[in-house]
Amino acid sequence: MRFIPFVLVFLTSAAAAEAQQAGPGVESVTVTGTHERQMLQSFVQSSAAPARITGKLVRWDQGICPIVKGAPQAFAERIIARLKAVALSVGAPVSSDPKCAPNIQIAVTGKPQTLLDQVLKDKPDMLGYFDNEEQRIRAARMVRSIQAWYMTETVDLRGHRHPDNRRGGGLEIYFRRDMPPIIIPGATDENTTGSRLGDGLRTAFYQVLIVADADKLKDYAAGAPTDYIALLALSWTGGLDICRPLPSIVNLLAAGCEAQSDALTENDLAYLKGLYTMSADRNLRTQQDEIAYQMEKSLKGR
């Protein structure tokens, strides 16, 4: 059974009303003082979270289709406009179909944990890949103001897609035609190149869940939650509780960090551009190097 990809986000009505003042453009960035390659490498390594199955970075390879629920219409339209504007500016695919099936769902609630409990009960696959149920239960806890879960899929050399979960239908292996097959649960067959640098496999977003604690967003500037959500919706960002070595919107919500900006910084945008420019089938180290190189080019205006 295939699940339809989506992203889910929660905000307060109060925050929504304030956020209506923020525009959807992408020009609000913070200029950093240094763009040395070593700093960029450190920024990329602290930001990039690899997928469990392939060990590679994840991005959208099909057009995003956002929808907002539970928010005033004006605010909902601004969130969608902002997310699409950021996506287009960094090279992420955006669906042009007005009737597209939503793969980014944004909602407003004051009870995020209640919703997560319901997700865990009814749609646990939305929480992503885990080795066992105990890990999934621990993961379904709200520990940040805005939090994300990612469900991914592996795409092979021929474009065949396999959801990354432990409940796959299994792989049938026939040793003789007159004997029943041996079924390996959760296994899949994939076409690869066999190269260490690029094996032909890539990881794409399949479904993303983002939850925001409505009561904890009141102290942030109007546009900050929307920009933070855009970052999480377009990239699997790791180390969200660690201060970034360069100005980033991540530092705004990470405890103990200096909040240099309440919007996506030029570093954040350059990282996203690098993510959507890199070779999706290369190994993690090569992908990180490619992103750092693209960031250096973007930040120097070349």
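The values are calculated or read from the model by the stated rules, or taken from the named source; none is laboratory data. The model shown is predicted, which means the values in this text are computed figures rather than measured ones. We place every Cβ from the backbone using ideal geometry, glycine too, and count neighbours over all the protein chains shown.
Of all residues in segment 188-205, count the ones that are modelled with pLDDT under 85 and at negative phi.
Taking segment 188-205 and keeping what is modelled with pLDDT under 85, we get 188-200.
Subset that is at negative phi: 188-193, 195-199.
Number satisfying all stated conditions: 11.
Looking at segment 255-276, which of its residues are surrounded by fewer than 18 Cβ atoms within 10 Å (Cβ to Cβ), more than 15 Å from residue 221 (Cβ to Cβ) and not charged (D, E, K, R)? Once the filter is applied, which keeps residues that are surrounded by fewer than 18 Cβ atoms within 10 Å (Cβ to Cβ), more than 15 Å from residue 221 (Cβ to Cβ) and not charged (D, E, K, R), segment 255-276 yields 255, 256, 257. The set of residues in segment 247-267 that are assigned to a helix (DSSP H, G or I) and touching a residue at least 60 places away in the same chain (Cβ under 8 Å) comprises 250, 253, 266, 267. Only one of the numbered conditions (1) out of contact with any His (no Cβ under 9 Å at 6 or more places or on another chain); (2) at pLDDT below 90; (3) surrounded by 14 or more Cβ atoms within 10 Å (Cβ to Cβ); (4) not in a strand (DSSP E or B) is violated by residue 68, and that is (4). Suppose we keep only residues that are closer than 23 Å to residue 59 by Cβ and among the charged types (D, E, K, R) within segment 203-256. Which one would you say is farthest from the chain's Cα centre (by Cα)? Restricting to residues being closer than 23 Å to residue 59 by Cβ and among the charged types (D, E, K, R), the top hit is 244. Taken as a whole, segment 231-239 holds no residue that is farther than 15 Å from residue 47 by Cβ and at pLDDT 90 or above.
Among the residues of segment 108-148, which ones are among the β-branched types (Val, Ile, Thr) and either in a helix (DSSP H, G or I) or on the phi > 0 side of the Ramachandran plot (or both)?
Just the residues of segment 108-148 that are among the β-branched types (Val, Ile, Thr), to begin with: 108-109, 114, 119, 137, 143, 146.
Those that are among the β-branched types (Val, Ile, Thr) and either in a helix (DSSP H, G or I) or on the phi > 0 side of the Ramachandran plot (or both): 114, 119, 137.
Here residue 79 fulfils each of the conditions (1) buried (at least 20 other Cβ atoms within 10 Å of the Cβ); (2) touching a Ser or Thr at 6+ places or on another chain (Cβ under 6 Å); (3) part of a loop (DSSP other than H, G, I, E, B) apart from (3). Looking across segment 92-109, the residues that are small (Gly, Ala, Ser) and surrounded by 15 or more Cβ atoms within 10 Å (Cβ to Cβ) come down to 92, 95, 107.
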